[in-house]
Amino acid sequence: MKIKTILSCSFTAGLLLATSAFADDAKTAIVGKWSDSEGVETIEYKADGSMIETLAGGDVVKGKYSFVDATHLKTEFEGPMAAMGAVVSPVTIKGNTMDVTDADSKTTMHFTKAK
């Protein structure tokens, strides 16, 4: 029984470390400026956890971001959009492409990292 408990704890610790490593990779990969597939919206994620989004009409939205885990991005907007509260969205980053799905899982926006 004691060995099962030790193995279970070791597995859980390993899983947490692996998840943490993936989240750290995502934190590094997201930093930079991204443009949507239509070239009308940009989002810049900074290493300090802040973000600036320029919408299609030219409005600028600021906020903070963090990763809940390796595949979920939490955004907290400032100003009038702060009333929305924190938004958690599935995110996939592969090289210079990023897909962000709305919290309702109905719409996915595709972004390309600026060089």
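The values are calculated or read from the model by the stated rules, or taken from the named source; none is laboratory data. Note that the structure is predicted; figures quoted are calculated from it, not measured. Virtual Cβ from ideal backbone geometry, glycine too; neighbours counted across all protein chains shown. Only protein heavy atoms, including side chains, enter the accessible area calculation; ligands, DNA and RNA are left aside. Shrake-Rupley method; radii C 1.70, N 1.55, O 1.52, S 1.80 Å.
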Check your understanding: Which lysines, on any chain, are close to K46 with Cα under 22 Å apart, when same-chain ones fewer than 8 places away are left out?
Key -> K27, K33, K62, K64, K74, K94, K113, K115
Practice item. Output ³J(HN,Hα) for segment 51-60: one whole-Hz value per residue in order, computed from phi by the Karplus curve 6.51 cos²θ - 1.76 cosθ + 1.60 with θ = phi - 60°, and x for Gly and Pro. Key: 9, 10, 10, 9, 7, 3, x, x, 5, 10
Check your understanding: How far apart, in nm, are two points set 7 Å out from the Cα along the Cα-to-Cβ line at T107 and at H72?
Key -> 2.2
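Using a 1.4 Å probe and counting only protein heavy atoms, arrange S66, S50 so the residue with the most accessible area comes first. Can you show the working numbers first?
On the way: S66 50, S50 25 Å².
Descending accessible area places them as S66, S50.
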